[in-house]
Amino acid sequence: MLSLCVLTFGGYAQKNDLTLKVGYGHLIRQDLNFSPMIHKKGSPLNFHGAYNHTGEKVNHALDVMFNIYNPSITEPFDYYKNTSDKTYTTTRHSFKQLEINYSFDVPVYKGDKFTLAVGGREHNRLFASEYYFAETSSFSYYFSFGVDARLRMNYLFNEKNELSATLHTPLASFNTRSPYLGIDSQYLEDNLEQKGFKAFLNYISHAKLQSWNVAQDLDLTLNYKRHLSEKFDLTGSYFFSANFNQSPTTFASIQNTFLIGAAYKF
């Protein structure tokens, strides 16, 4: 799809940029498939990379976000196994989140300072988690592939400073989640050959089409750019993401992320 868009609109190309940002995020999550506990954790391991193409008629963007959170209801503690004198230390949970998104928008209003654009986004979310309970652990997955509505507003303060706000909300998505308590007969069958990539494809094959009555998402991005030169921009962003799902049980996630980085223009 991205290749087709580049071929279609490449003739209108005006400018491109590559952006890389890192920063700090805070995650609040509850997944009743595994625990009634509400896990809260901050993490400096948040990375965002993007390619943006600004055309005369249509704008395109491809971005990737990755983060790792290691929450725990209590601080790690030592414990014994059976009658052994050897002690073991508990491990914090591990939440890994990868998002790969393609978006486009078309300006519907252009003023001297203010621009309003509407469009769409194809999102791909891959959430993989490990819940550690002393001697035992449970693997959790939540994969989502969907189409979102997109609204973008840009305000140019002057020739060097620019602020933008982007809002995404889903129209429909194919979602798949771990079964209740993590393991059922289908999960065992998906992992029968003990091959990670094939199991991953098996998980995806169970995705079901869901709309707002089952899955609710909202992504808001505020982005500030300081134009340093003809080739480079300094950029800072705030990301807010709310993700809720009710199949097979409640999943609730709220994430706030602050990032800083640079953009190379060409």
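The values are calculated or read from the model by the stated rules, or taken from the named source; none is laboratory data. A quick note: this is a predicted structure, and the numbers were derived from the prediction, not measured. Here Cβ is always computed from backbone atoms with ideal geometry, including for glycine, and neighbour counts include all displayed protein chains. With ligands, DNA and RNA removed, areas are computed over all heavy atoms of the protein, side chains included. Shrake-Rupley method; radii C 1.70, N 1.55, O 1.52, S 1.80 Å.
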Dipole magnitude of the range 16-265, debye to nearest 20 (Cβ charges: Lys/Arg +1, Asp/Glu -1, about Cα centre): 380
With Cβ to Cβ distances under 12 Å as the rule, what net charge do the other residues near V106 carry (K, R +1; D, E -1)? +2
Principal axis dimensions, largest first and in whole angstrom, of the range 114-266 by Cα: 60, 33, 28
If each K or R counts +1 and each D or E counts -1, the residues other than G42 whose Cβ falls under 14 Å of its Cβ total +4
Relative frequency of Cα-Cα separations exceeding 33 Å in the chain, percent: 30
The chain, relative contact order in percent, only Cα pairs under 8 angstrom and at least six apart counted: 19
With a ≥ b ≥ c taken as the square roots of the eigenvalues of the C-alpha gyration tensor of the range 8-161, please select rounded if a/c is under 1.5 and otherwise prolate if a/b is larger than b/c or oblate if it is not? prolate
In whole percent, the fraction of accessible protein surface over the chain that belongs to carbon or sulfur atoms, probe radius 1.4 Å, stands at 63
Among F174, H206, T136, which residue has its Cα furthest toward the positive end of the charge dipole of the range 16-265, with +1 on Lys/Arg Cβ and -1 on Asp/Glu Cβ? F174
Using a 10 angstrom Cβ neighbour count of at most 14 plus a DSSP loop assignment to flag exposed GluC sites (Glu not before Pro), which longest range of the chain is free of such sites? 57-134
Relative to the first principal axis of the alpha-carbon coordinates of the chain, what is the inclination of helix 196-205, with its axis defined by its Cα atoms, in degrees from 0 to 90 and to the nearest 10? 70
Keeping every protein chain present and rolling a 1.4 Å probe, give me the accessible area per residue for the range 16-265 in Å². 53
Kindly provide the Kirkwood hydrodynamic radius of the range 181-260 in Å, to one decimal, from all pairs of distinct alpha carbon atoms. 16.4
